[in-house]
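Visitor: One structure, pasted below without further comment.
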Amino acid sequence: MTVQPFTGLPALAQHLRDELDNKKFILLYAYNGVGKTRLSTEFKNLGKDADDEDKRDTLYFNAFTEDLFSWDNDLDNDAERVLKINAESRFFSGLDQMEMDNRIRPLLDRYADFDFRIDTDKWEVSFSREVPDDDGHRTEDGIKVSRGEENIFIWCFFLAIVQLVLDDDGSGPYGWVKYIYIDDPISSLDDQNAVAVATHLARLLKAPESQLKTMISTHHALFFNVLCNEIKRKKNRRDRFFLARDRSSPGYILRDTGDTPFFYHVAALTELYEAERSGELYTHHFNMLRAILEKTAGFHGYDNFSACIRQGDDDLDGVLHARLVNILSHGNYSLYEPREMLEENKDYFRRILHDFIERYPFNPALFPSEAPAEASSTS
């Protein structure tokens, strides 16, 4: 396993660009809050020409892409709601000439049951849906789609542009694109659609005639795993990585995951162990611990993660700890403004974590050999 430290995101972004000189894809797994979105911005900025603002080489999809669309909710009449498009963005180059409706619709039909219309004069999108009535059904126009439906529409908009890039011979509006950077496109999708999106994306981008270089980063374990399986790696080629913060410095650690898509599971466990040993335990670490317990339970065929928590002779600890993990992993805990755990909760966390590590045969080399920290007695 190769481990590389980086002092900051600009250095990491440059390294990834250098790696793509000899690769077609790089897949990156990282938790929310580590800096994936900022990394995509740094990667994009490195492709800008300092002497020519219009010169760049990266088409990217991240949280900022969704900000190129905004709702006009027709507050006066409460009747005609439209999604406004930021006409100033280069993301929409040539939109009025490309019949984007016809390019987006077959993509959107994979995931949604609503229709849309793009007005390139007003730079806005209106939505409609077939609804049942006494005569069978009718078309309801001017609807406001849900947040998840909006996200999948924007994603399909982006995919339609990617297809334009793939079809471009260098003379069209997207001839400038050399790299595509995609960061977490599926935050609002269920697992079924996550698999569909990953499969479709991989098949689109790995077309043999494509010369595009692609970076994909995500915190979604299933999405990452499907991509790993869909995008076959060449022998001895490092193109799948786990990104984490370096606890010994303000920088970052990039780990090669080898041929094991599920490496993130072990990496998460070692990160929790290191956090526990340092004493820097925050509320979101319970969310990470629950995710590990759930993955382990699923692997062993259990219905509930509580089966992976050691139970005492009277079963008291098993019930108590399962309830604690369940409650403490559902709080509104921000990874961007982490809050330290209460000391009592730290004790519970240590006990559950170390019991889990001792119960399952993980490679002991992943963890320091010294004895686990003693958990305080709790009533």
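The values are calculated or read from the model by the stated rules, or taken from the named source; none is laboratory data. Computed from a prediction, not measured in an experiment: that's the story for all the values here. Here Cβ is always computed from backbone atoms with ideal geometry, including for glycine, and neighbour counts include all displayed protein chains. What goes into the accessible areas is simple: the full protein's heavy atoms, side chains included, and nothing from ligands, DNA or RNA. Shrake-Rupley method; radii C 1.70, N 1.55, O 1.52, S 1.80 Å.
Visitor: Please list, ordered by chain and number, the residues whose modelled amide H lies under 5 Å from the amide H of Phe116; skip anything fewer than 5 residues away on the same chain.
Guide: Here Ser128 satisfy the definition.
Visitor: To continue, here is another question. Of Tyr273, Tyr60, which has the most accessible area with a 1.4 Å probe, and how do the rest follow in descending order? Walk me through the intermediate numbers first.
Guide: Working: Tyr273 10, Tyr60 60 Å².
Order by accessible area, largest first: Tyr60, Tyr273.
Visitor: Quick one: dipole size for the range 5-48, taken about the Cα centre, charges +1 on Lys/Arg Cβ and -1 on Asp/Glu Cβ, in debye to the nearest 20.
Guide: On the way: 7 positive and 4 negative charges, 36 e Å.
Roughly 180 debye, rounded to the nearest 20.
Visitor: Heavy atoms only, probe 1.4 Å: what % of the accessible area of the range 25-184 goes to carbon and sulfur, would you let me know?
Guide: On the way: 3130 of 7910 Å².
That fraction is 40 percent.
Visitor: Name the residues whose placed amide hydrogens come within less than 5 Å of the amide hydrogen of Tyr181, ignoring near sequence neighbours (fewer than 5 apart) on the same chain.
Guide: Leu59, Tyr60, Phe61, Met215
Visitor: Mind checking which lysines have their C-alpha under 25 Å from Lys144, skipping anything on the same chain fewer than 8 residues away?
Guide: Counting by Cα, and skipping residues close in sequence, Lys144 has these lysines nearby: Lys84, Lys122.
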